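Derivation of every value follows stated rules applied to the coordinates shown; laboratory data play no part. The structure presented is a predicted model; accordingly, all values stated were derived computationally and were not measured. Here the Cβ positions follow ideal geometry from the backbone for every residue, glycine too, while neighbour counts run over all protein chains shown.
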Amino acid sequence: MAPSSKQREALYAALLGDIRQFIAGAVLFNQQVAERVGLRLTDMQCLSVLELLGPSTPRKLAEGTGLSSGGVTVMLDRLEQAGYVKRTPNPEDRRSVLVSVNLKKRRKLMAHYDQITRQTVDVFQETPEAELEAVERFFRRVNAIRVERADG
């Protein structure tokens, strides 16, 4: 039997509340880690985006983070000075550089996330595969909305 309109609205409200709580918790936790290691929250998120993208140009990082090119340059200067990233000449474009994560520094940073990562993996292991697949599809679709908004 299909849920009623009121049940569906209640489910939407609960999901939106859970998403907001998850985002707020993640932002605040990341802020605490950033403060412990002497970085800014945007620096931490740039490292995450860079890790997902792999070695990238500053322009690609600007697109991936939504920051201006000047903002990315200032952030990369801070991250490079702190030893988290390295700039190397781009072999495909002499006028450009590639930015890559210093994996040794990244491992030290990720140690702050070991406990929460283990606990999250425990939840994954307790969750049926079909549910995990549904959640992954959901996040892929929701993330696509953000990317579409950035492009538009």
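Check whether at least one residue in segment 48-61 is more than 23 Å from Val27 (Cβ to Cβ), in contact with a Ser or Thr (Cβ under 9 Å, 6 or more places away or on another chain) and β-branched (Val, Ile, Thr), and report yes or no.
Yes, segment 48-61 has at least one match.
Every residue, every condition in (1) touching a residue at least 24 places away in the same chain (Cβ under 8 Å); (2) within 24 Å of Arg146 (Cβ to Cβ); (3) among the hydroxyl-bearing types (Ser, Thr, Tyr), yes or no:
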position	(1), (2), (3)
Glu35	no, no, no
Cys46	yes, yes, no
Pro58	yes, yes, no
Ala82	yes, no, no
Val85	yes, yes, no
Asn102	no, no, no
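Select from segment 76-113 the residues that are basic (Lys, Arg), under 17 Å from the mean Cα position of the chain (by Cα) and exposed (fewer than 11 other Cβ atoms within 10 Å of the Cβ) and list them in ascending order.
Here is the first cut: in segment 76-113, the residues basic (Lys, Arg) are 78, 86-87, 94-95, 104-108.
Within this subset, residues satisfying the condition of being under 17 Å from the mean Cα position of the chain (by Cα) are 106-107.
The one that is basic (Lys, Arg), under 17 Å from the mean Cα position of the chain (by Cα) and exposed (fewer than 11 other Cβ atoms within 10 Å of the Cβ): Arg107.
Sort out which residues of segment 48-57 are buried (at least 19 other Cβ atoms within 10 Å of the Cβ) and either part of a helix (DSSP H, G or I) or touching a Cys at 6+ places or on another chain (Cβ under 8 Å) (or both), and write them in order of number.
Leu50
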